Amino acid sequence: MKVLLLGSGGREHAMAAKIAQSKLCDTLYIAPGNAGTSACGVNINMKVTDFNAIGKFVIANEVKMVVVGPEAPLVAGITDYFAEDSALKNVMIIGPTAQGAQLEGSKDFAKEFMNKYGIPTASHRTFTEQTLKEGQKYLETLNAPYVLKADGLAAGKGVLILDDLQEAKNELKQMLSDAKFGEASNRVVIEQYLSGIELSVFVLTDGKHYKILPSAKDYKRIGEGDTGLNTGGMGSVSPVPFADKAFMQKVEQRIVIPTIKGLQKENIQYKGFIFLGLMAVKNEEGELEPYVIEYNVRMGDPETESVFPRIKSDVVELFEATWDGTLNQLPLDIDNHTAACVMLTAHGYPESYRKGDVIRGLEDVKGSLVFHAGTQINSKGELATSGGRVICVTSLSDTLPGALLNSLQNAERIKWSGRYYRRDIGQDLLKFTLNS
Ligand code: AMP
Ligand code: GLY
């Protein structure tokens, strides 16, 4: 069959590489894709939110399956658009409806959902401009640090964690009264601070049945030792060594099952990925307990670049079962190796960054996978940077140190002016591997 994948990042290159391996896929289109995805299929110059163009392309090219990479088209209702069009409604589209995508599109919706279905999460209250004064009073009842979250999508920037009460009150005012994050901060969620270690768990669901994909940890800050500005993600490791069987059982029983049951009770059609952003918090006995920090309705980036290479099953077969509601009839085969991904970024990232630096050395990479995130071919036919996150290098090994070493050695071989990467990805997890 013909498959269309929407998106253009490292996540999509990693997904494209797996889809292209499927025995069920004869042609893969990627829209808009990047210089890397063109090795897995045909790049099509279409915007992921241009539903009209996407629909026409799907019909004209007899595409049978559409896999949605990023959240924006899901929140904007691409799945509903397909369902409502008689010529598109039988196309298998992997991603939830707009209502389901509210799990990511509205923090308030997600928190209310978790409370209603007893899913462990930080306690919270939501405020608007009309209730600003109450919000400021509520902050006085909490202890530092204070967690303020813009309700809507704010390109990963809408969360503030502040130590000072006065600053928190001022920021709340700026978000609610001065539209600090535009419309996204018309409503603000204030929540209890959770102290622990973050990790991501991914679920593929057909709305009834589910498969839990391998856990991963990403590294969000630009600087080594988790310092400096937030980024889209500077690397990832899968699996997370402390997410052992006992921990994952808690995730399944307390979070995955109630989430899917909750979606069913709310009559929300959900065929796609659920990304659980979790905090592992130590209880009084010293055991780790999972809490949901956030839901996303897609795979993570750069988590996908370490999770997808570990999937041995045919992903198109899994997607077909996701559409048909028969996910329970398929096994999920996972490679036992540890994957480590190191992201290489452009000069200036995550602030305004340079584009167009020529990339060299890819031919020297040995024994790692290379996924493109922000690359393009320039007018001279050379590979050049075109985004902040440019290329990621993923290695699979029997051990975490082995995977990390291989990725770092190969990262060093890829060069452009101003290229940067963190050398400490995964170092914080080594203490857990020694114990296991
Ligand atoms: P979010 O966009 O909700 O994932 O938040 C961005 C980041 O803020 C998370 O990845 C966490 O590092 C941090 N964060 C969010 N909520 C909390 C919380 N309740 N307690 C501690 N840290 C948090
Ligand atoms: N790596 C975090 C995200 O994709 O949102």
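The values are calculated or read from the model by the stated rules, or taken from the named source; none is laboratory data. Keep in mind that what you see is a predicted model, and the values were worked out from it rather than measured. Positions of Cβ are generated from backbone atoms using ideal geometry, with glycine treated the same way; all protein chains shown enter the neighbour counts.
For segment 211-221, indicate whether the set of residues that are in a strand (DSSP E or B), away from ligand 1 (no atom under 16 Å from the Cβ) and surrounded by fewer than 22 Cβ atoms within 10 Å (Cβ to Cβ) is non-empty. Within segment 211-221, one or more residues are in a strand (DSSP E or B), away from ligand 1 (no atom under 16 Å from the Cβ) and surrounded by fewer than 22 Cβ atoms within 10 Å (Cβ to Cβ). Between VAL240, VAL203, the distinction of being under 19 Å from ILE293 (Cα atoms), modelled with pLDDT of 95 or more and within 16 Å of ligand 1 (Cβ to nearest atom) belongs to VAL240 only. Annotation for segment 176-189: at least one member residue is touching a His at 6+ places or on another chain (Cβ under 7 Å), modelled with pLDDT under 95 and over 28 Å from PHE371 (Cα atoms). What are the pairs, 6+ residues apart or on separate chains, where a residue within segment 182-195 that is within 7 Å of ligand 1 (Cβ to nearest atom) has its Cβ under 9 Å from a residue that is assigned to a helix (DSSP H, G or I)? Filtered contacts from segment 182-195: GLU191/LYS107; GLU191/LYS111. Residues in segment 227-255 that are within 16 Å of ligand 2 (Cβ to nearest atom), touching an Asp or Glu at 6+ places or on another chain (Cβ under 8 Å) and over 17 Å from SER407 (Cβ atoms): LEU229, GLY232. For the condition modelled with pLDDT of 95 or more and among the β-branched types (Val, Ile, Thr), THR433 does not qualify. Do we find a residue being part of a helix (DSSP H, G or I) and in contact with a Phe, Trp or Tyr (Cβ under 8 Å, 6 or more places away or on another chain) anywhere in segment 143-166? Yes: segment 143-166 contains one or more residues that are part of a helix (DSSP H, G or I) and in contact with a Phe, Trp or Tyr (Cβ under 8 Å, 6 or more places away or on another chain). State whether the residues of segment 110-120 include one that is assigned to a helix (DSSP H, G or I), within 16 Å of ligand 2 (Cβ to nearest atom), crowded, with 19+ Cβ neighbours inside 10 Å and in contact (Cβ under 8 Å) with a residue 40 or more places away in the chain. Taking every residue of segment 110-120 in turn, at least one turns out to be assigned to a helix (DSSP H, G or I), within 16 Å of ligand 2 (Cβ to nearest atom), crowded, with 19+ Cβ neighbours inside 10 Å and in contact (Cβ under 8 Å) with a residue 40 or more places away in the chain. Scanning segment 407-427 for residues being in contact (Cβ under 8 Å) with a residue 60 or more places away in the chain, within 29 Å of LEU288 (Cβ to Cβ) and in a helix (DSSP H, G or I) gives a total of 2. The test for being modelled with pLDDT under 95 and surrounded by fewer than 19 Cβ atoms within 10 Å (Cβ to Cβ) holds for ASN143.
Search segment 154-168 for residues being surrounded by 18 or more Cβ atoms within 10 Å (Cβ to Cβ) and more than 10 Å from ligand 1 (Cβ to nearest atom), and hand back the single one that is nearest to ASN296 (Cα to Cα).
Residues of segment 154-168 surrounded by 18 or more Cβ atoms within 10 Å (Cβ to Cβ): 154, 158, 160, 162, 168.
Cutting the leftovers down to more than 10 Å from ligand 1 (Cβ to nearest atom) gives us 162, 168.
Values: LEU162: 24, ALA168: 26 Å.
Selected residue: LEU162.
Inside segment 162-207, residues that are within 16 Å of ligand 2 (Cβ to nearest atom) and among the polar types (S, T, N, Q) make up a count of 1. Filtered by the rule that a residue be surrounded by fewer than 23 Cβ atoms within 10 Å (Cβ to Cβ) and in a strand (DSSP E or B), segment 222-237 gives ILE222, GLY223, THR227, GLY228, LEU229, ASN230.
Among the residues of segment 335-357, is any more than 16 Å from ligand 2 (Cβ to nearest atom), surrounded by fewer than 24 Cβ atoms within 10 Å (Cβ to Cβ) and not in a loop (DSSP other than H, G, I, E, B)? Within segment 335-357, not a single residue is more than 16 Å from ligand 2 (Cβ to nearest atom), surrounded by fewer than 24 Cβ atoms within 10 Å (Cβ to Cβ) and not in a loop (DSSP other than H, G, I, E, B).
Exactly one of (1) within 16 Å of ligand 1 (Cβ to nearest atom); (2) surrounded by fewer than 20 Cβ atoms within 10 Å (Cβ to Cβ) is unmet by ASP324. Its number? Answer for ASP324: the failing condition is (1). Listed by position, the strands (runs of 3 or more DSSP E) enclosed by segment 1-83 that each have at least 3 residues that are among the β-branched types (Val, Ile, Thr) and surrounded by 19 or more Cβ atoms within 10 Å (Cβ to Cβ) are 65-68. Among the residues making up segment 148-171, those that are under 27 Å from ALA76 (Cα atoms) and touching a residue at least 12 places away in the same chain (Cβ under 8 Å) are LEU148, LYS149, ALA150, ASP151, GLY152, LEU153, ALA154, GLY156, LYS157, GLY158, VAL159, LEU160. Apart from one condition, THR326 fits all of (1) touching a residue at least 24 places away in the same chain (Cβ under 8 Å); (2) away from ligand 2 (no atom under 16 Å from the Cβ); (3) touching a helix residue (DSSP H, G or I) at 6+ places or on another chain (Cβ under 8 Å); the exception is (3).
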